């Protein structure tokens, strides 16, 4: 993966062979960061550098500079971000653009200045235009307008990709970016108002089961298509990219499999064990009809996901029952 925009991988040790290295996982308590920590531990990485928000405020430039000067991590995986659904994005646009820009700028710049060997920045599929052709290829970035409801977050994430590219071009520094599709799994957000579709469905079916409700009403027609990736598969892809990829372009990370919201709801209903009726309220909006990423670039490098949606849902529901449900 060398060439003009890549770096010669033979010049640095393979990430997987460097298990004694200091690896800073930013955002280690979140859905993504916690999965990456689990994956690194399973591979024998024993020198992880982890800081909670109360220990290190990544939006504070002086605190981040001081942390990097003191700790000197060898590798950085940037999974920290301010995230939320449509309601949160619409309500707090200033926070979504400012906080994410601050986190990224501070971590990426301090990583470079303190000799980090390699950095991986994680974005989101919302970086792509609202009406990008499906499945969405990496080259669709910046070809048309964004989805207005989350453009503040998307613009920040696009800036993160471009910052990694700029530091690679100007300083020949190994910064790469991965763009995951819709994620789910242990440590997901099951908040009644602010969660995404999959954890929201799981919570509602579980609560209906516990209460002995006769039916669960779900918004829309159930016809939109969505792609889901278990967060443990993403963590595996992150390690793969840290080990194998060194080039200018960002990389899509998806399952390549689509499911209708109706199929998803039926599957969650089955996994949860809710025996009542599923009712669709077609007066409510459906959202984007289809959102699938083209992950063939990553597949051609030799990585594909391993966890089926059904197995992943069973795993997630087990975690929910043990950790969230009252």
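Any read-out appearing in this document is the output of simple, stated calculations on the displayed coordinates, not a laboratory observation. Everything numeric here is computed off the predicted structure, so don't read it as measured data. In this analysis, Cβ positions are derived from the backbone assuming ideal geometry, glycine residues included, and neighbour counts consider all displayed protein chains.
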message: Between 0 and 90 degrees, rounded to the nearest ten: what's the tilt of helix 309-323 against the longest Cα principal axis of the chain?
response: 90 degrees
field: Taking the convex hull of Cα positions in the range 81-195, its mean projected area over all directions (nm²)
entry: 8.2 nm²
- prompt: Normalised by the residues of the range 154-244, what does the relative contact order come to in percent, with Cα pairs under 8 Å and at least six apart?
  reply: 28 percent
- prompt: Once label points are set 7 Å from the Cα along Cα→Cβ at both residue 308 and residue 113, what is their separation, rounded to one decimal in nm?
  reply: 5.1 nm
- prompt: Nearest-5 percent of antiparallel DSSP beta bridges in the chain?
  reply: 10 percent
- prompt: Relative contact order of the range 132-288: what whole-number percent is it, with Cα pairs under 8 angstrom and at least 6 residues apart?
  reply: 31 percent
task: Give the whole-number value, in cubic angstrom per residue, of the convex hull volume spanned by the C-alpha atoms of the range 69-123.
output: 72 Å³
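Order 188-194, 256-262 from most to least packed using the mean count of other Cβ atoms within 10 Å.
Taking the mean over residues of other Cβ atoms within 10 Å, the ranking is 256-262, 188-194.
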message: On a full-extension model of 0.36 nm per residue, what is the gain between residue 130 and residue 17, subtracting their alpha-carbon distance, rounded to one decimal in nm?
response: 36.6 nm
- request: Give the Rg/Rh ratio for the range 266-306, taking Rg as the radius of gyration of the Cα atoms and Rh as the Kirkwood radius, to two decimals.
  value: 1.19
- prompt: Taking only Cα atoms, what is the 0 to 90° angle, nearest 10, from helix 261-272's long axis to the longest principal axis of the chain?
  reply: 80 degrees
message: Based on C-alpha coordinates, I'd like the Rg and Dmax of the range 19-162, in Å.
response: 16.0, 46
Degrees between helix 61-71 axis and first principal axis of the chain (Cα, 0 to 90, nearest 10): 70 degrees
- prompt: Scaled to the compact-protein estimate 2.2 N^0.38 Å, what is the alpha-carbon radius of gyration of the range 178-326, rounded to two decimal places?
  reply: 1.12
- request: Jot down the radius of gyration and Dmax of the chain, Cα atoms only, both in angstrom.
  value: 19.9, 63
- prompt: Normalised by the residues of the chain, what does the relative contact order come to in percent, with Cα pairs under 8 Å and at least six apart?
  reply: 20 percent
- prompt: Which percent of the Cα-Cα distances in the range 25-93 go past 13 Å?
  reply: 69 percent
